[in-house]
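Undergrad: The structure that follows is given in the form of structure tokens.
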Amino acid sequence: MKFGILVKESPYNFQAFDSAYNFVIAAIKKGHEITGIFFYDDAVYAANKYLDPPQGERNIRLYMDDLKSKGVRLVVCVAAGKRRGLTNDTVSGSAEISGLGQLLELSIESDRLITF
Amino acid sequence: MLNIVKKSPYETSSLSSCLKYIKKGDVILFTEDGIYAVKKGGMFEKHVSDASQTCSIYYLSPDTEARGIKSDEIISLAKPVDYQGFVDLAIDSPKSITW
């Protein structure tokens with residue numbers, strides 16, 4: 001089955017990013033396909049390439065890279081990103097900036113769209 | 001419909017909104033801080049128990065464990081699932097909504 005994932009909350013205030021990550025890993029383990037993760041609103045903070053937390057702390061950038069290495073497409077909303085200073089220069093190499101239309105595409109392509 | 005309730009009922013109106021809109025046969029899954037709704041002796045025990053008359057109730061056990069809540073502290077009508085179980089619930093319901 002094909003899953004699309006929407007993440008809306010900041011990775012530093014809420015658990016949404018971690019829940020989405022765990023869900024995606026479980027779905028892949030069960031042989032399902034992830035059509036993509038769309039980062040919207042404060043969730044776009046997860047896609048900044050300069051994230052550099054102290055050693056030993058939860059590192060969102062490594063989680064993003066891990067998802068990318070598993071073939072998961074990571075899409076950041078351009079408008080939400082621009083509001084928060086996220087541009088093509090600051091976005092993580094694992095992610096791509098695109099429009100809200102991509103969320104629509106994601107929901108059409110997927111059998112299920114799960115929001116975190 | 002899979003209803004994912006992820007916010008604490010003590011902080012937001014997520015649970016009450018969800019309970020207003022559920023239909024017979026719906027599934028409710030409590031995750032993140034939403035799991036406080038299924039804690040034994042909590043203020044929302046009755047609300048969830050009423051909903052269980054028409055809906056099936058689940059909670060994400062990694063999230064209760066992360067909050068130091070043991071399975072015997074959860075109301076018995078709520079069934080535990082792990083992330084793989086979460087994926088299965090998402091497959092069983094054609095649509096989902098996150099409250």
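The values are calculated or read from the model by the stated rules, or taken from the named source; none is laboratory data. This is a predicted model, so every value here is computed, not measured. Every residue, glycine as well, gets a Cβ built from its backbone with ideal geometry; the counts of neighbours run over all protein chains shown.
Undergrad: Which pairs have Cβ atoms under 6 Å, sit 6 or more apart or on different chains, and link a residue in segment A:93-116 that is of a type in the set (D, E, K, R) to one that is surrounded by 18 or more Cβ atoms within 10 Å (Cβ to Cβ)?
TA: Partner pairs satisfying both residue conditions: A:Glu96/A:Val75; A:Glu109/A:Thr35; A:Arg112/A:Phe3; A:Arg112/B:Ala90.
Undergrad: If I ask for residues that are under 11 Å from the mean Cα position of the chain (by Cα) and more than 11 Å from chain B (Cβ to nearest Cβ), which ones from segment A:18-41 would you list?
TA: Once the filter is applied, which keeps residues that are under 11 Å from the mean Cα position of the chain (by Cα) and more than 11 Å from chain B (Cβ to nearest Cβ), segment A:18-41 yields A:Gly36, A:Ile37, A:Phe38, A:Phe39, A:Tyr40.
Undergrad: Residue by residue through segment B:7-20, note down the ones that are within 16 Å of B:Ile97 (Cβ to Cβ) and either without any contact (Cβ under 8 Å) to a residue 40 or more places away in the chain or under 8 Å from the mean Cα position of the chain (by Cα) (or both).
TA: B:Thr12, B:Ser13, B:Ser16, B:Leu19, B:Lys20
Undergrad: Taking the options A:Lys30, A:Lys68, A:Lys2, name whichever one is farther than 23 Å from B:Thr98 by Cβ, at pLDDT 95 or above and not β-branched (Val, Ile, Thr).
TA: Sole residue among the options that is farther than 23 Å from B:Thr98 by Cβ, at pLDDT 95 or above and not β-branched (Val, Ile, Thr): A:Lys68.
Undergrad: Filtering segment B:29-55 down to residues that are of a type in the set (D, E, K, R) and either within 14 Å of another protein chain (Cβ to nearest Cβ) or within 10 Å of the chain's Cα centre (by Cα) (or both), which residue is nearest to B:Ala90 (Cα to Cα)?
TA: Per the criteria, the residue is B:Glu32.
Undergrad: Also: When you check A:Tyr21 against the structure, is it buried (at least 20 other Cβ atoms within 10 Å of the Cβ), in contact with a Ser or Thr (Cβ under 6 Å, 6 or more places away or on another chain) and either of a type in the set (Val, Ile, Thr) or without any contact (Cβ under 8 Å) to a residue 60 or more places away in the chain (or both), yes or no?
TA: no
Undergrad: Continuing with this model, one more query. Which residues, taken from segment B:75-88, are more than 10 Å from chain A (Cβ to nearest Cβ) and either of a type in the set (D, E, K, R) or in contact (Cβ under 8 Å) with a residue 40 or more places away in the chain (or both)?
TA: B:Ala78, B:Lys79, B:Val81 - these are the residues of segment B:75-88 that are more than 10 Å from chain A (Cβ to nearest Cβ) and either of a type in the set (D, E, K, R) or in contact (Cβ under 8 Å) with a residue 40 or more places away in the chain (or both).
Undergrad: Would you confirm, using the coordinates I've provided, whether B:Asp26 is out of contact with any His (no Cβ under 7 Å at 6 or more places or on another chain) and within 9 Å of chain A (Cβ to nearest Cβ)?
TA: Judged against the criteria, B:Asp26 is not a match.
Undergrad: I'd like to verify a number: residues in segment A:67-116 that are away from chain B (no Cβ under 14 Å), assigned to a loop (DSSP other than H, G, I, E, B), of a type in the set (A, V, I, L, M, F, W, C) and under 12 Å from the mean Cα position of the chain (by Cα), how many?
TA: Here the count works out to 1.
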